[in-house]
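Input: a single structure, listed below in structure tokens.
The values are calculated or read from the model by the stated rules, or taken from the named source; none is laboratory data. Because the structure is predicted, anything quoted here is derived from the model rather than measured. For neighbour counting, all protein chains shown are included, and Cβ atoms are generated from backbone atoms with ideal geometry for every residue, glycine included.
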Amino acid sequence: MNQQPAQADRLPDGVLIAPLELHEDERGCLAEIYRRSWPTVISPVQWNAVHSRPGTLRGFHLHVRHSDYLVTVSGRMLLALRDVRPESPTHELSAVLDLRGDRPVGVTIPPGVGHAFYFPEPSFLVYSVDEYWSPLDELGCHWNDDALQLPWSVEDPVLSPRDREAGSYKEMVEEFLRQTRLSGDAPRPHMGASRG
């Protein structure tokens, strides 16, 4: 069983999708989720596991320095994306992917592509990052800011205090641009073309 997940028509440049093969038998199933040799995978320095209750929304978050690689292991997640990189060919493109544990894919999100995770049912997510956590690399805005232009119908989600009190999209982008100028670096380029 290797069904494709629901896909957006177009994704921000550098967002990579790798279908993962499920091997099933009478005991259950196994899916290989990471190989260093895969072109769509970052070089992780840290792995995290997250369980989310129904109605939980995590985000909207943006990173200047690090990439994420994630897999929905069980349940369902709507992954919202927004490209804020001024030099990107997909600048200001928004998209939503429907990711399910029974149809696993690996998704790589590069720096400069903001994201939010909404879980309509109990779900388990594993993700890795290629830089250690730093508060300076944790930008965000309110999940339903109109400027995000997200094509989803999420209402009254369960939020962390940080996400509930997040500022505006405009403030987030201004801080992203400020940090990019200060570091002298544009966000790292992606590692290949999107596929899905």
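Overview of results
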read-out: Output for region 142-170, where each listed residue is surrounded by 16 or more Cβ atoms within 10 Å (Cβ to Cβ), of a type in the set (D, E, K, R) and farther than 11 Å from Ala116 by Cα; value: Asp145
read-out: Residue match in region 155-164 (condition: in contact with a strand residue (DSSP E or B) (Cβ under 8 Å, 6 or more places away or on another chain) and over 17 Å from Thr56 (Cα atoms)); value: no
read-out: Region 146-179, residues that are of a type in the set (Asp, Glu) and assigned to a helix (DSSP H, G or I); value: Asp146, Asp163, Glu171, Glu174, Glu175
read-out: Residue ID - modelled with the highest pLDDT, chosen from residues in region 122-154 that are hydrophobic (A, V, I, L, M, F, W, C) and out of contact with any Phe, Trp or Tyr (no Cβ under 9 Å at 6 or more places or on another chain); value: Phe124
read-out: Residue list for region 10-31, filter: within 14 Å of Pro110 (Cα to Cα), in a loop (DSSP other than H, G, I, E, B) and touching a Pro at 6+ places or on another chain (Cβ under 9 Å); value: Pro12, Asp13, Gly14, Val15
read-out: Some residue of region 68-82 being among the charged types (D, E, K, R) and at pLDDT below 95; value: no
read-out: Residue among Val113, Val105 that alone is touching a residue at least 40 places away in the same chain (Cβ under 8 Å), under 29 Å from Asp156 (Cβ atoms), in contact with an Asp or Glu (Cβ under 8 Å, 6 or more places away or on another chain) and buried (at least 21 other Cβ atoms within 10 Å of the Cβ); value: Val113
